[in-house]
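First up is the structure itself, then whatever we jot down about it.
The values are calculated or read from the model by the stated rules, or taken from the named source; none is laboratory data. If you're wondering where the values come from, they're calculated on a predicted model, not measured in any experiment. Glycine also receives a Cβ, built like all others from the backbone with ideal geometry; neighbour counts cover every protein chain displayed.
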Amino acid sequence: MRPNKCRDSGKLRPVASRTVGGYAIPGIVVFFFWLVVVILAIMLLAFIVHWAGGAALNLRLGHFVLDIGFT
């Protein structure tokens, strides 16, 4: 059995995380795209909670008291 050897060992090659329509999209672009998507999803969730009237959490566990409320 032959060991796995690459013909280009030691050479740096560009790494694409995704390809769209035959074009390579760098991983950092994909990362920032998903970061923006997550931020927009959090903002949408906050808007829905604000529109619904807010929320309140009163958690008491022994001496530990957690009171969180937001609109």
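Pairs needed: first member in the stretch 42-61, in contact (Cβ under 8 Å) with a residue 60 or more places away in the chain; second member anywhere, surrounded by 10 or more Cβ atoms within 10 Å (Cβ to Cβ) and not hydroxyl-bearing (Ser, Thr, Tyr); C-beta distance under 9 Å; at least 6 residues apart or different chains.
Nothing qualifies.
With the requirement that a residue be of a type in the set (Val, Ile, Thr) and in a helix (DSSP H, G or I), what does the stretch 21-64 give you?
ILE28, VAL29, VAL30, VAL36, VAL37, VAL38, ILE39, ILE42, ILE48, VAL49, listed by residue number.
Just for the stretch 35-71: of the residues that are exposed (fewer than 10 other Cβ atoms within 10 Å of the Cβ) and aromatic (Phe, Trp, Tyr), which one is modelled with the lowest pLDDT?
Taking the candidates together, the pick is TRP51.
Looking at LEU12, is it at pLDDT 90 or above, exposed (fewer than 10 other Cβ atoms within 10 Å of the Cβ) and over 26 Å from the mean Cα position of the chain (by Cα)?
For LEU12, the condition - at pLDDT 90 or above, exposed (fewer than 10 other Cβ atoms within 10 Å of the Cβ) and over 26 Å from the mean Cα position of the chain (by Cα) - is not met.
Restricting attention to the stretch 51-71, which residues are touching a strand residue (DSSP E or B) at 6+ places or on another chain (Cβ under 9 Å) and not aliphatic (A, V, I, L, M)?
GLY54, ASN58, ARG60, ASP67, GLY69, PHE70, THR71
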